[in-house]
1. Determine which single condition VAL293 fails, assuming it passes every other condition in (1) part of a helix (DSSP H, G or I); (2) β-branched (Val, Ile, Thr); (3) away from the ligand (no atom under 13 Å from the Cβ).
2. Filtering segment 305-326 down to residues that are of a type in the set (Phe, Trp, Tyr) and not in a loop (DSSP other than H, G, I, E, B), which residue is farthest from ARG259 (Cα to Cα)?
3. Among the residues of segment 356-370, which ones are at pLDDT 95 or above and surrounded by fewer than 19 Cβ atoms within 10 Å (Cβ to Cβ)?
4. Test GLY302 against the criterion of being surrounded by 21 or more Cβ atoms within 10 Å (Cβ to Cβ), in a loop (DSSP other than H, G, I, E, B) and touching an Asp or Glu at 6+ places or on another chain (Cβ under 8 Å), and give yes or no.
5. Do we have any residue at all in segment 136-155 that's without any contact (Cβ under 8 Å) to a residue 24 or more places away in the chain, of a type in the set (Ser, Thr, Tyr) and assigned by TED's automatic domain parsing to the domain that holds LEU115?
6. For segment 173-284, which helices (runs of 4 or more DSSP H) that fit wholly inside it have 3 or more residues that are within 16 Å of the ligand (Cβ to nearest atom)?
7. Looking at ARG80, ARG101, ARG151, which one is farther than 27 Å from SER301 by Cβ and part of a helix (DSSP H, G or I)?
8. Is there a residue in segment 163-185 that is free of Cβ contacts under 8 Å to residues at least 24 places away in the same chain and under 23 Å from LEU266 (Cβ atoms)?
Amino acid sequence: MGCVSHVDDAATPMTSASAGGSRAGARSTAVSRDAVPATLEARPLAGLGARLAATSTVPAPVLAVDLDAFDANASELLRRAAGRPLRLATKSVRVPFLIERGLAAGFTGLMTYHLAEALWWVERGVDDVLMGYPSVDRTALDALVRDDRARRAVTLMVDDLAHLELLVAALDRAPASEVPVRVCLDIDASLRLGPVHLGVRRSPVRNPEDAVALVRHADPRIEVRGVMFYEAQVAGLPDTSPAVRVVKKASLAELARRRGAVVAALEAELARPLELVNGGGTGSIAATGQDRVVTEITSGSGLLSPTLFDGYRLRPGEQRLLPAAFIGLDVVRRPAPGIVTAFSGGYIASGPVGPARAPRPFLPEGLRLLGTEGAGEVQTPLRGAAARGLRIGDRVWLRHAKAGEVMERFAEVALVSGPEGAVVVDRAPTYRGHSLTFG
Ligand SMILES: Cc1ncc(COP(=O)(O)O)c(C=O)c1O
C-alpha cells in the first residue's frame with residue numbers, strides 16, 4: 001500500500017438484484033439472496049429494477065438517482081455522525097437539487113472544490129461554505145474580497161504562504177472592508193511509517209510548529225477560522241484486509257494525538273478557540289467523530305454510494321449505504337451469442353488507473369465488461385449469462401466507481417422515487433445542466 005485515496009482493489013461484490021432491462025419494463029425483481037448483505041434485504045432494493053425501468057421513456061444514456069435510497073443514505077450518514085455536524089462535499093454530488101436536499105435533510109454547510117462554485121452557492125443563499133482545497137484563481141479571489149456577504153460565508157483553504165500572499169494581493173486591489181476574509185489551514189493527515197507515506201499528497205503543514213508559523217504570516221485582514229485534517233487513508237480506503245484495518249487504527253491514533261497538539265498550539269498562538277476542526281469523509285464518520293477535538297465531519301460520496309464505497313466494514317449499529325446512482329445504457333448490437341453492445345458507457349473514474357475505476361455492470365445481474373475493451377467511449381460490450389436474454393433496445397444499468405464525477409457527463413439526472421407500482425420520475429439538472437463547469 002503506498003499513497004492511497006481510494007484503492008483500486010477496493011471492490012467486493014455488492015448486491016445484485018435481477019431485473020430485466022427490457023423494453024417492456026422489468027421482467028424480474030427477485031433479489032439474489034446469496035449476493036445481498038443482510039442489511040440490504042431490509043431496504044427497498046427488491047424492486048429496484050422495476051423502479052429504474054420507470055425511466056424507460058427517458059432516452060439513454062441516462063443517469064438515474066433513486067431518491068429514496070439517497071434519503072435513506074442521508075439519514076444513515078447523519079446517524080453515524082451522532083449529532084456532530086456533517087458538511088456536504090459538493091464534488092461528490094454535483095447536482096444542485098441533490099445538494100440542497102442533503103442540506104434540507106440535516107447536513108450543515110458545504111465543502112466546495114472551486115472558489116467560483118463557492119461564490120455561486122453564496123448567491124444561491126448558502127451562508128457556510130468551506131473550500132476543501134486552495135484556490136489560486138485571481139478572478140474568483142477578487143470577486144470574494146469585493147463582496148462582504150461572500151467574505152462572511154466562504155472560508156478559504158490554505159496551506160502555504162503563497163496562498164496567503166495571493167489573498168493579500170487581492171485584498172490590496174479591493175476596497176477596504178471591516179469584514180475579514182476567513183481561512184482554514186489544511187493540515188497533512190497522512191500516516192508516516194519511516195519512509196512510507198500513507199495517505200494523499202496535499203498539505204506541507206504537518207506539525208504544530210508549521211501551523212503556527214503559517215498563522216504568524218496572516219495579514220490582519222485575514223481571520224484563521226480553523227483547521228482541516230483529511231485522513232484519506234482512513235476515510236477513502238475500504239476495509240479490504242486485516243492489514244488495512246490495523247493501519248487505519250494506527251493512523252487514527254496518531255492523528256488524534258497530532259490533531260490535538262496542532263489545535264492547542266494554534267489556540268495558544270491566536271489566544272482564542274478555533275471555531276472549526278474539520279475531519280473525515282464518508283468512510284470514517286463514526287471513527288473521526290470519536291475525537292472530541294473534531295467539530296465537524298465532511299461527507300458526500302455516501303449519499304450516492306458508488307462502487308468504491310462497497311468494501312467498508314460496518315460498525316455495530318450501522319446500516320449499509322444503498323447504491324443510489326445508476327447509469328442506464330441501451331443495447332444497440334448483438335455482435336455474438338452471449339455478447340451485447342450498449343451505447344456509450346466509458347465513464348472511467350479518476351485515480352490510479354485500474355479495473356475498479358470502470359463502471360460496474362449492475363442490472364440485469366450477471367453482466368460483465370470485456371477485458372479487451374472495457375467500457376468504451378461510444379459503445380460498451382457486455383458478456384455473461386444475462387446477455388443471452390437481452391435484445392436490441394433493452395436497457396442495462398451500471399454503477400459508477402465514484403459519486404459526483406459521472407455527473408459531468410450528464411446535463412440532468414432522472415430522479416426515481418416512490419414504491420414499486422407508483423414510481424414517480426422527475427428530473428434535475430447537474431452542474432453541467434446549469435452550464436456550470438468547475439473542473
Ligand atoms: C477535504 C476532503 N474532505 C472530505 C472528503 C470526503 O468526501 P466523500 O465523503 O465524498 O468521500 C474529501 C474527498 O475527497 C475531501 O477532499
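The values are calculated or read from the model by the stated rules, or taken from the named source; none is laboratory data. Everything quoted here is computed from the prediction, not taken from an experiment. Because the Cβ atoms are built from the backbone with ideal geometry, glycine has one as well, and the counts that use them run over all protein chains shown.
1. Every listed condition holds for VAL293 apart from (1).
2. From segment 305-326, those of a type in the set (Phe, Trp, Tyr) are 309, 312, 326; that's our starting set.
Next cut, not in a loop (DSSP other than H, G, I, E, B) only: 309, 326.
Working: PHE309: 26, PHE326: 38 Å.
Among those that are of a type in the set (Phe, Trp, Tyr) and not in a loop (DSSP other than H, G, I, E, B), it is PHE326.
3. Passing the criteria: ARG368, LEU370.
4. Values: surrounded by 21 or more Cβ atoms within 10 Å (Cβ to Cβ): yes; in a loop (DSSP other than H, G, I, E, B): no; touching an Asp or Glu at 6+ places or on another chain (Cβ under 8 Å): yes.
It is false that GLY302 is surrounded by 21 or more Cβ atoms within 10 Å (Cβ to Cβ), in a loop (DSSP other than H, G, I, E, B) and touching an Asp or Glu at 6+ places or on another chain (Cβ under 8 Å).
5. Step one: list which residues in segment 136-155 are without any contact (Cβ under 8 Å) to a residue 24 or more places away in the chain, which gives 137, 139.
Filter once more, so that each one left must be of a type in the set (Ser, Thr, Tyr): 139.
Within this subset, residues satisfying the condition of being assigned by TED's automatic domain parsing to the domain that holds LEU115 are 139.
Yes, segment 136-155 contains at least one residue that is without any contact (Cβ under 8 Å) to a residue 24 or more places away in the chain, of a type in the set (Ser, Thr, Tyr) and assigned by TED's automatic domain parsing to the domain that holds LEU115.
6. Values: elements: 208-216, 232-235, 242-270.
Fully inside segment 173-284 and qualifying: 232-235, 242-270.
7. Numbers: ARG80 fails: farther than 27 Å from SER301 by Cβ; ARG101 fails: farther than 27 Å from SER301 by Cβ.
Sole residue among the options that is farther than 27 Å from SER301 by Cβ and part of a helix (DSSP H, G or I): ARG151.
8. There is at least one residue in segment 163-185 that is free of Cβ contacts under 8 Å to residues at least 24 places away in the same chain and under 23 Å from LEU266 (Cβ atoms).
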